[in-house]
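Engineer: So that we are looking at the same thing, I have put the structure below in structure tokens.
Each reported figure results from applying straightforward, stated rules to the coordinates on display, with no laboratory input. Remember, predicted model here, so these are calculated numbers, not experimental data. When we count neighbours, we look across all protein chains shown, and the Cβ atoms used for this are built from the backbone with ideal geometry, even at glycine.
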Amino acid sequence: MRAYPRVRRTVAASPGRQEDDPVRMPAVLLTVFLSPFLGFLYLGRLKLAFLYLFYGLAVILVFALLYFMDISSLSSMPYGFFYFLLVHAAGALHCANFRAAKPEKKSPEISYRRAALLLSAPMTGLMGLIALITANVTERMQGPSMAPTLQINAPYLVNRYAYRWSEPRRGDIILFTTRTGKSTIQRMSRIIGLPGDRVAMRMGVPVINGEPLERHRLADCDFSTGFQTYPLPCFMERLPEGGTYTAIAQSAPGTGRFDNHPERTVPEGSYYVIGDNRDAARDSRDVQKVGFVSAAQIQGHVYVPKVTPDLSARLTGAY
């Protein structure tokens, strides 16, 4: 019986199918884990690479501006991060449907791939920085305890890693927690007493190691409840190291609930904190609810933006 050679049948792949493109999968992985810019750069698609680069930067910039200018109710970093992830997802799906660009000269796509791989290291660092900032940033003041420094609904930045490598300093504004029954409350105050300091209150003025803080009367400050604004008496207080801040005292000197208390020594590993709005703050003067704040209670160092708008709306953050 005569044998015939077997003929291998081949079917031409359609232009839209990408199964045989070995460059596509690394490009998709670069898009998912780092940036659509790197993915399309790896494919040699420069126009699409820079399109996604500019779009991603625009999303971050717009949401950051919206947050700090408080223009939109969507103006918060979580929304910006969500849209940033959408850009990555869309870029990955887009990238999965493209082959590598055909070389016009002597394999320029190899240079594109090398550039994409070389840029992946700094891009990884940038993504880590964005994640770090996202973990640290922005909350909004809920209560009046730190007015006028932080009005209700004003944005503030929190560095939750600040005290891992350094000790809190006098004058720092900190975010800390207290326990009330089974609930945990997040509060904010200013450190004025360090471990070993002797702190007292006399007629509403803090006394540190037997010396009252220097205090000067200022013009009335605008105090916002979130719905209305009215003036309150303001004072400038100077710390022993020379730093100054503004405090509000709504009641007459000596008539406030915590305007007077005897001298107490701050234990090791703890701090004496006080709110800038003396009649509305719950701080170390309130022995029952707060008392001395231990290092374990401190959640981070608070940085106050130079512009803190005074608007009513979302009440989330610290008291």
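Engineer: What whole-number distance in Å separates the alpha-carbon centres of the stretch 232-247 and the stretch 254-274?
Structural biologist: Here the two parts' Cα centres lie 17 Å apart.
Engineer: While we're looking at this one, here's another question. Estimate the FRET efficiency between Ser183 and Leu46 by the formula 1/(1 + (r/R0)^6), using the beta-carbon distance for r and 51 Å for R0, to the nearest 0.05.
Structural biologist: 0.40
Engineer: Given R₀ = 30 Å, FRET efficiency for Gln288-Arg160 by Cβ-Cβ distance, to 0.05?
Structural biologist: 0.60
Engineer: Please turn the phi angles of the stretch 238-254 into ³J(HN,Hα) values with the Karplus equation 6.51 cos²θ - 1.76 cosθ + 1.60 (θ = phi - 60°), one per residue in order, whole Hz, x for glycine and proline.
Structural biologist: 10, 6, x, 7, x, x, 10, 7, 9, 10, 10, 10, 6, 8, 5, x, x
Engineer: Moving on to the next point. Pulled fully out, how much extra length does the chain show between Gln228 and Leu53, if you take 0.36 nm times their separation in residues and subtract their Cα-Cα distance?
Structural biologist: Full extension from Gln228 to Leu53 adds 58.7 nm.
Engineer: A further question on this structure: How many nm is it between the label spots at His261 and Val207, if each spot is 7 Å from the Cα in line with the beta carbon?
Structural biologist: About 1.5 nm separates the two model spin labels.
Engineer: Using modelled amide H (1.01 Å from N, peptide plane; none on Pro or chain starts), what sits under 5 Å from the amide H of Tyr271, excluding residues fewer than 5 places away?
Structural biologist: Those lying under 5 Å, H to H, from Tyr271 are Val293, Ser294.
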